[in-house]
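Read through the structure below, which is laid out as structure tokens, and then see the notes.
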């Protein structure tokens, strides 16, 4: 049994409780359910895409909920009594699902699209202006400038 003990780190850090709780929760959650399969892709510095394989689901059977630091994608298959026949082999999953993704601070859902059995959820990280680094003036100079983190230079 693998147990992750983060106690030494909890004693020497302040403000990282959510991170440690998330790590411990991930080690405890041994559900083994990998349905539906998914990919997480980094598309640029501040853009991500989650792709879920949801073959057989219609847009009205999938619910996407975004709340602070959590993205929940749930699917509930509606029973179509008129379309059901006698199956000789049932290999396409028709069961409902719920996938949860922990999101970092300032990450929001930008768009969601369903095409060719794949659900694409685009995410964007938007850091507020107040949280961006600023160059502080020394000896009473009044001008403050934003620091361009890509080039390491001050932007006017």
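The values are calculated or read from the model by the stated rules, or taken from the named source; none is laboratory data. What you see is a predicted model, and the numbers here were worked out from it, not measured in a lab. When we count neighbours, we look across all protein chains shown, and the Cβ atoms used for this are built from the backbone with ideal geometry, even at glycine.
Overview of values
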| item | result |
| --- | --- |
| Members of the stretch 114-139 found to be assigned to a loop (DSSP other than H, G, I, E, B), in contact with a strand residue (DSSP E or B) (Cβ under 7 Å, 6 or more places away or on another chain) and under 21 Å from residue 62 (Cα atoms), listed by number | 117 |
| Among (1) touching a strand residue (DSSP E or B) at 6+ places or on another chain (Cβ under 9 Å); (2) surrounded by 11 or more Cβ atoms within 10 Å (Cβ to Cβ) - the single one residue 111 does not satisfy | (2) |
| Qualifying residue in the stretch 77-97 (condition: assigned to a strand (DSSP E or B) and in contact with a strand residue (DSSP E or B) (Cβ under 7 Å, 6 or more places away or on another chain)) | yes |
| Single residue of the stretch 32-47 satisfying the filter (in a loop (DSSP other than H, G, I, E, B) and touching a strand residue (DSSP E or B) at 6+ places or on another chain (Cβ under 9 Å)) that is farthest from residue 111 (Cα to Cα) | 33 |
| Looking only at the stretch 48-62, and only at residues there that are outside any strand (DSSP E or B) and at negative phi, the one that is modelled with the lowest pLDDT | 55 |
